[in-house]
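Colleague: The structure is given below, and queries will be raised subsequently.
The values are calculated or read from the model by the stated rules, or taken from the named source; none is laboratory data. Note that the structure is predicted; figures quoted are calculated from it, not measured. Don't worry about glycine lacking a Cβ; one is built from the backbone with ideal geometry, like all the others, and counts go over all protein chains shown. Keep in mind that these areas ignore ligands, DNA and RNA; they rest on the heavy atoms of the full protein, side chains included. Shrake-Rupley method; radii C 1.70, N 1.55, O 1.52, S 1.80 Å.
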Amino acid sequence: MAKPELQRTKTNTKKMKEHDTSLKGTLASVFLLGFFIIFSWVSVYFLFLHRL
Amino acid sequence: MMNETVKVDRRDAKLALAHIYVAFIALALGGLAGLLQTLVRSGKFQLPAGISYYTILTTHGVLLGLVLTTFFIIGFQFAAVSRTSGTFSNRVRFWGWVGFWTMTIGTATTAFFILTGQASVLYTFYAPLQAHAGFYLGLTLVVVGSWISGFATFVHYARWKKEHPGKASPLLTFMAVTNMVLWLVCTLGVAATVLIQLLPWSLGIVDRVNVLVSRTLFWYFGHPLVYFWLLPAYMVWYAVIPKVIGGKIFSDSLARLAFILFLFFSIPVGFHHQLLEPGITPFWKYVQVVLTFMVVIPSLMTAFAMFATFEAYGRSKGATGLFGWLRKLPWGDARFFAPFVGMLFFIPAGAGGIINASHQMDQVVHNTIWVTGHFHLTVATTVVLTFFGAAYWLVPHLSGRVMTKAMNRLAIIQTVVWAVGMSFMSGSMHFAGLLGAPRRSAFSTYGNSPQALEWIPYQIAQAVGGTILFIGIILVLVIITNLAFFAPKGETEFPVAEAAEPQERAALAMDNWKLWIGITIALILIAYTVPFIDMIQNAPPGSKGYKLW
């Protein structure tokens, strides 16, 4: 019984560490920001083409 | 870090506070002028006693764009440098006061000529509109005063470096020095146009002025001016907010590098304000458009660093999922909430800026009220909300008081009021601009033209937004007055964050000012020399002055 529990604790610690340093939310946020910039730019670009 | 003082010295605090008081007086007067403008443009209100729309427009622009910002920034930077690099010497403090009084006398002089209707030339003071010479003289004093304060900062920085050989300067001091270097280099342009062109012209010493040269020199100054406003907000974001939320600076070196990139790329880009200017060849406009787009890099670095700071903090508190860290942020703390809302508004502000600077695409929005909407997001929301958030700890820190829970709650409400008011005002400015509504002009139906009638509902929305924003100004003035004079006595922290992983060597390498200033000057020479010679060699006869108000 002792061995599996030890292993579980190790896995938990590893998971905790991954969580502590993960920047996946930052990656998603900067992508969303980039998409917003592209969307805004393309919208005005089509307005520009429309008015040429 | 050993000599780092936890509290700003009382004498330095007085100097910083004096600047901040002038800044908030300017906010009160300039904000009132702004409210009146939006009411006039709604078409439902006329100014009493024959006051000109253009007089209050100039009052608004000069007081908020130049006075509020410059005074707050220099006051904040004095406090930040004193806090992180030690108390000023008597000599530095003396020159700080000389700078303050020079700027204040300059402001009073400029305000006098604007308010007496002798200088309704707007804050861009474009020739051939000609103001009374006193207006230009007053502005010169404001700039000269800021130079004196800049040199006082440099002397203090040099002393710190001498006393700490082999050590990197404290982050906030480094940032303040970068901003003052940027300011000194860019104000040379506005000083040149005022002293060489506009003053002699307004005094009648010369008859005519080269309009294109004056506008070019103005925008050589005018765009970095935007970054002079923005960099102190970034100082708060990078170096203060992590401490406020209980986290660490994501990367000290990244922050320093972003500041140096802003120094390089915010000056040789003035042509993106002159994309429809005849007399500048498309090639040189294109060169400066490319340089403008380089500014996107440090801007996105900053966005990344902020998200990373927040996420790292949230995860250290056990946040899970993609965006779970957002829930761990201190939403009830106005010191965090106001700057955070400022950051959010910088997303549409930045996107709009990229559109404005996109060379031919600028034709869609040039000289429309879209542009006014744009800079009310950048300076009047992102920068100003960050300054308000900073004032909520800076003013009580300097005045020896503490912010009560009630004031903190009011500050949260103020931020929400500002966000709502600005969404109305700036949002409708953007949409009306896309429909062709001009900026800088009083209410007119242009002979009931169908296109101009389309703009009116948006102009009413701007008045609604302007009114809400004015309520926001009253709220922030109540809070600041309380923090300066009436809040309970006590100790308030000046939050300065530490880096997650200090990289002393990288930070030390960033103190290489000869190299940074050399690159800055080289980029300016590349971007401006040829087109500037062209403007002088192929100049038209020049224009007489006009007073159209």
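Colleague: Would you point out which residue out of B:155, B:190 is of a type in the set (A, V, I, L, M), more than 15 Å from residue B:80 (Cβ to Cβ), open to solvent by less than 20 Å² (accessible area, probe 1.4 Å) and in a helix (DSSP H, G or I)?
Modeller: Every option except B:190 fails the conditions.
Colleague: Mind listing whichever residues of region B:52-80 are over 30 Å from residue B:6 (Cβ atoms), touching a residue at least 24 places away in the same chain (Cβ under 8 Å) and hydrophobic (A, V, I, L, M, F, W, C)?
Modeller: Residues satisfying the conditions are B:57, B:62, B:63, B:64, B:66, B:67.
Colleague: When you go through A:26, A:9 one by one, which is the residue that is surrounded by 10 or more Cβ atoms within 10 Å (Cβ to Cβ) and either more than 7 Å from every other protein chain (Cβ to nearest Cβ) or modelled with pLDDT under 95 (or both)?
Modeller: Within the list A:26, A:9, the selection yields A:9.
Colleague: Could you list, in sequence order, the residues of region B:337-396 that are in contact with a Lys or Arg (Cβ under 9 Å, 6 or more places away or on another chain), among the β-branched types (Val, Ile, Thr) and under 30 Å from residue A:47 (Cα atoms)?
Modeller: The answer is B:364, B:368, B:369, B:371, B:372.
Colleague: What is the one condition in (1) under 26 Å from residue A:24 (Cα atoms); (2) more than 18 Å from the chain's Cα centre (by Cα) that residue B:369 does not satisfy?
Modeller: It fails just one condition, (1).
Colleague: Look through B:58, B:69, B:110 and report the one residue that is open to solvent by less than 20 Å² (accessible area, probe 1.4 Å), part of a helix (DSSP H, G or I) and over 19 Å from residue B:376 (Cα atoms).
Modeller: The unique qualifying residue is B:110.
Colleague: Something else: Quickly run through region B:121-139 and pick out the residues that are of a type in the set (Val, Ile, Thr) and touching a Leu at 6+ places or on another chain (Cβ under 7 Å).
Modeller: The one that is of a type in the set (Val, Ile, Thr) and touching a Leu at 6+ places or on another chain (Cβ under 7 Å): B:121.
Colleague: Looking at region B:355-370, which of the residues that are outside any helix (DSSP H, G or I) and open to solvent by 40 Å² or more (accessible area, probe 1.4 Å) is nearest to the other protein chains (Cβ to nearest Cβ)?
Modeller: So, considering only residues that are outside any helix (DSSP H, G or I) and open to solvent by 40 Å² or more (accessible area, probe 1.4 Å), the one nearest to the other protein chains (Cβ to nearest Cβ) is B:366.
Colleague: Here's something else I'd like to know. I'm told residue B:263 meets every condition in (1) within 20 Å of residue B:84 (Cβ to Cβ); (2) free of Cβ contacts under 8 Å to residues at least 40 places away in the same chain except one. Can you identify the failing condition by its number?
Modeller: The one condition residue B:263 does not meet is (2).
Colleague: Also, I was wondering about something else. Would it be correct to say that residue B:161 is in contact (Cβ under 8 Å) with a residue 40 or more places away in the chain, part of a helix (DSSP H, G or I), open to solvent by 20 Å² or more (accessible area, probe 1.4 Å) and basic (Lys, Arg)?
Modeller: Yes, satisfied.
Colleague: Residue under question is residue B:373, and the condition is that it be within 12 Å of chain A (Cβ to nearest Cβ) and either in a helix (DSSP H, G or I) or in contact with a helix residue (DSSP H, G or I) (Cβ under 8 Å, 6 or more places away or on another chain) (or both); does it hold?
Modeller: So residue B:373 fails the test.
Colleague: Would you point out which residue out of B:421, B:427 is touching a helix residue (DSSP H, G or I) at 6+ places or on another chain (Cβ under 9 Å) and closer than 23 Å to residue B:72 by Cα?
Modeller: B:421
Colleague: Something else: Would region B:332-355 turn up any residue that is basic (Lys, Arg) and without any contact (Cβ under 8 Å) to a residue 40 or more places away in the chain?
Modeller: No.
Colleague: Same structure, new question: For residue B:293, are the conditions met, namely being in contact (Cβ under 8 Å) with a residue 24 or more places away in the chain and surrounded by fewer than 20 Cβ atoms within 10 Å (Cβ to Cβ)?
Modeller: yes
Colleague: Yes or no: region B:128-135 includes at least one residue that is in contact with a strand residue (DSSP E or B) (Cβ under 9 Å, 6 or more places away or on another chain), surrounded by fewer than 21 Cβ atoms within 10 Å (Cβ to Cβ), at pLDDT 95 or above and in a loop (DSSP other than H, G, I, E, B).
Modeller: Yes, region B:128-135 contains at least one residue that is in contact with a strand residue (DSSP E or B) (Cβ under 9 Å, 6 or more places away or on another chain), surrounded by fewer than 21 Cβ atoms within 10 Å (Cβ to Cβ), at pLDDT 95 or above and in a loop (DSSP other than H, G, I, E, B).
Colleague: Sticking with this structure for a sec: In region B:12-55, what count of residues is obtained for those that are in contact with a Phe, Trp or Tyr (Cβ under 8 Å, 6 or more places away or on another chain), loosely packed, with under 15 Cβ neighbours inside 10 Å and not polar (S, T, N, Q)?
Modeller: 0
Colleague: Looking at B:243, B:248, which one is touching an Asp or Glu at 6+ places or on another chain (Cβ under 7 Å), closer than 28 Å to residue B:505 by Cβ and surrounded by fewer than 24 Cβ atoms within 10 Å (Cβ to Cβ)?
Modeller: So the residue among B:243, B:248 that is touching an Asp or Glu at 6+ places or on another chain (Cβ under 7 Å), closer than 28 Å to residue B:505 by Cβ and surrounded by fewer than 24 Cβ atoms within 10 Å (Cβ to Cβ) is B:248.
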